[in-house]
1. Filter the cross-link list K327/K375; K279/K327; K96/K375; K391/K595 down to pairs whose alpha-carbon distance in this structure exceeds 32 Å.
2. Write down the accessible area per residue of the chain in Å², having rolled a 1.4 Å probe over the full set of protein chains.
3. Within a Cβ distance under 15 Å of R367, other residues only, what is the Lys/Arg minus Asp/Glu net charge?
4. Please list the non-local residues whose amide H lies under 5 Å from the amide H of G184, H modeled 1.01 Å from N, same-chain partners needing a gap of 5 or more.
5. Restricting to Cα atoms and excluding each atom paired with itself, what does the Kirkwood estimate give for segment 312-384 in Å?
6. Testing the spin-label approximation: label points 7 Å from Cα along Cα→Cβ at K289 and M566. State their distance in nm.
7. Applying a 10 Å radius around every beta-carbon, put 560-566, 603-609 in order of their mean neighbour count, most first.
8. Quantify how much of the Cα-Cα distance distribution of segment 183-322 extends past 20 Å, in percent.
Amino acid sequence: MIKINDTQNLIQRPSEEPRQEALHAYTARLRQQFGPAQRILLVQTPQFLFETINPEVVRNRGYYAYPPTGLQRLAASLADRDIDVRIIDLNLQVLKDIAQDEQFDPQGWLRVLDEHLDTFRPTIVGVTCLTVYTDLFGGNHPLTGTLRHLSNRGEHLVMVGGPTATNEIDRYVRDGLCHYGVEGEGEDRLNYLLDLYEGRSGLDEAISGITFPWEGRAQHTEGGCPNVELRGNLIDTYEGVDVEAYCQVGSLNPYSRMAGQDTVYSVFQLNRGCRGNCKFCGVRSFMGKGVRTHSVDEVIAEVDYLVRQRSVRHFELLDDDFLADQKPAAELLRALGGLHREYGITWSANNGLMTNSITPELLDLMRDSGCLGFKIGIESGNPQMLRRVRKPGTLESFARVARLLDGYPELFVGGNYIIGLFGEETFGQMIDTFTFSVHLNLDWSSFTVFQFTSKPNCEAENLKTDGDWATDFIPGKDNSDREIEDDRSLPLGAEVFSLALDLVPSRALVKNIWLTFNVLGNCVGNKNLKPGGQPEQFVAWVDAVRVAYPSNPYMLLFAGLGRVLMGQADLARAMYRDAQVIVDNSSNWQYRFAKFGLDELLEAGPAEPNEVYRRLEAIWNDCVPESLRTAATGSRPVLAYDRQGKRLGVHRRSRGEHPKRDQYLPV
C-alpha cells in the first residue's frame with residue numbers, strides 16, 4: 001500500500017514517459033491504493049486564522065460565514081455519477097462550537113473533521129479555503145493544517161484547489177500534502193480526474209490546470225480547458241447545506257448584519273468572470289477571460305426555492321461583474337422585486353459594481369427589489385495609478401455615478417479604495433485617493449491596505465514584493481484584540497498630512513495613514529453626520545461594523561453622535577460612557593483619541609444636533625489641510641492633472657499655527 005507520505009518514493013522512479021502518460025500511470029497507482037471512488041467529501045476550511053481568533057467576536061457573530069457555494073458547484077457537476085458526495089463546512093462547524101462552548105479549544109478544531117472522516121469514510125477528500133491569504137506555511141493556517149492532518153491520516157486521496165491554494169500548489173504537491181492540485185475552475189478538471197481514476201476511455205486529449213508529483217517535481221499538465229459551461233442551479237445541493245444555521249454563527253458582511261443578525265441569509269450568482277483585468281486581481285487568471293452568464297430562469301428558481309422553502313430573507317450577490325450584460329441583470333432584478341414585495345427580501349453587493357454600467361433604470365430596479373446597498377470599485381483617486389492597475393473606469397465616470405446616487409438615498413453605497421498599491425504607491429498618490437473619496441461624498445469609503453494575495457498573479461504581472469504576504473486588508477484584524485499596534489514614532493492624525501508627497505510609506509506607516517483616512521473620512525467628515533444627512537443610515541452601518549470590533553471606542557463614540565442626530569440622546573450618553581471606559585483603560589486609545597481631538601469630543605458628549613455639527617466641523621478643519629478641504633464643497637479639484645495624468649503643480653505654504661498641516665496647495 002502506498003501512503004500519501006510515501007509519495008516521494010513513488011515519484012523518484014526515473015521515467016521518460018510523456019507528461020500525459022505520467023499522469024495516467026500515477027493515477028492508476030493511486031487507484032490501486034485507494035480503490036473505487038465511492039465517496040467524496042468536499043471540505044471548506046475555516047475562513048479565519050486561529051492565532052487571531054477572538055471568542056467575543058465569534059459570539060457576536062462578527063466572523064464571516066459564507067455558504068460553500070464553490071463546493072456546491074463541484075457537487076452539482078458530479079450529480080450524474082454513481083458517487084456519494086457530501087460537503088462539510090468546517091468554518092460553520094468550528095464557529096458554532098466556539099460560540100456554544102466557552103471551553104472549546106480552537107486548536108482542537110481538526111477533531112470536527114475527524115468525526116466526518118470516520119463516519120463517512122470517503123475515498124477522496126477535496127479541500128478548499130476562502131479569503132485567508134496570509135503565509136500558508138507560517139503558523140497554523142487552516143488550509144495547510146487540514147492538508148497536513150489528512151496527510152498524517154494517510155487514508156484518503158487528497159485534492160486541493162481554489163484561489164488560496166493556488167499560491168502554494170507546487171509546494172503542497174512536492175511536500176506530499178496532496179495527491180493533486182487543481183488550478184482555476186474545478187468542475188471540468190475534477191470530472192476529468194475522476195474519469196481518469198476510473199479508467200474511462202476517450203481521455204487521450206490532455207487538460208491543463210492539474211498539478212501532480214512525478215520524478216521528484218510538481219508536474220503541470222498542459223492542454224486545453226475551455227471555460228466551464230454554466231448549467232443548472234444549486235437547489236439539489238442545498239439538501240446537504242444547513243443554510244438556516246449560518247446567520248446563527250456569523251455574517252456575510254455589514255450588509256447582512258444590517259438586514260438583521262437573525263435574518264436567514266444566503267448567496268446567489270448570475271455571472272462568472274469579469275470584463276475587467278485589474279492588475280492586482282486574480283479573477284481573470286482563475287476564472288478565465290470574459291464573462292459567462294447563468295440562465296436567469298435557473299437563478300430565479302434557486303432564489304425562489306431559498307426564499308419559499310428555506311426561509312432565506314437576505315442575499316449577497318457573489319458576482320465580480322453583475323452588470324456585464326444589463327438585460328439578464330434587469331430580468332433578475334424584476335424577479336427579486338416580486339419576492340421583495342411578497343416576502344420582504346433584501347440583497348446587497350459588497351463585492352462591488354462597475355460604474356460604467358450603472359444607469360438610472362438599473363438603480364430604480366435595485367431600489368425596488370430590496371437592495372440595501374452596494375460598493376463601487378474605485379481603488380484609487382490618482383489617474384496614473386488607475387491606469388497602472390488597469391481599472392475599467394475613470395475619475396469622471398466615478399463622479400458621474402456618485403452624483404446619480406444622490407437621487408437614491410435608500411441605497412447605502414460605499415467606495416472601495418486601496419492604499420499602498422503594489423508596495424510602491426507614494427503618499428501623494430494616497431492623498432489623491434483620500435481627496436477624491438471626500439469629493440465623491442458617498443455613504444462610506446472602504447479603505448483597505450494593499451496585500452500581495454496571489455503569487456501567480458505577482459509573477460505574471462512582474463510585481464515586486466518585499467517578501468511578506470498578506471495579513472488582512474483591514475489593519476487590526478491580524479490580531480485577536482483587533483487593534484493596530486502603535487508605533488508612536490510615526491505620524492498619526494493631522495500629522496500624517498505633513499508627509500512628503502514623494503515618500504513611499506512603510507507598511508507600518510500605511511496602517512497609520514489608513515486609520516487617519518478612516519477616522520476623518522468616514523466618521524468626522526461623513527455626509528450623514530452633517531445637516532441634511534441620513535444619520536439612521538450611518539448608525540445602521542456603524543452598528544453593523546462594530547459587531548466585529550467590540551472594543552473599538554471611536555465606533556461607539558460616532559454611533560452615539562449619530563443617535564443624537566436621530567433624537568436618541570439617552571442612548572448616545574450610554575454609548576459615550578461605554579467608549580470612555582474603553583479609552584480610560586487603554587493608553588493606546590488615549591493616544592489615538594488625542595491625535596484626532598476625539599478626547600475633547602468624548603469628554604464634551606454632545607447632546608444636541610447643532611453641537612454635533614459644530615464640533616465635527618471644528619475637528620475636520622483642524623486635522624485636514626485647507627487645500628484638501630475644498631474637495632468636500634464640490635469645488636474645483638484640489639489636485640489638477642494634464643492629459644497624460646501628470647499633476648500640474650503643487651507648492652508649499654506654511655500657515656502659522658500649524659506650519660505643516662497646510663503645506664500642499666494647488667498652483
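The values are calculated or read from the model by the stated rules, or taken from the named source; none is laboratory data. Everything numeric here is computed off the predicted structure, so don't read it as measured data. All Cβ positions, even for glycine, are placed from backbone atoms using ideal geometry, and neighbour counts span all protein chains on display. Each accessible area value is taken on the protein alone, full model and side chains, heavy atoms only, with ligands, DNA and RNA left out. Shrake-Rupley method; radii C 1.70, N 1.55, O 1.52, S 1.80 Å.
1. K391/K595
2. 41 Å²
3. Counting the neighbours of R367, the net charge comes to -4.
4. G162
5. It works out to 12.8 Å.
6. 5.0 nm
7. Highest-to-lowest ranking by the protection proxy: 560-566, 603-609.
8. For segment 183-322, the fraction of Cα-Cα distances above 20 Å is 61 percent.
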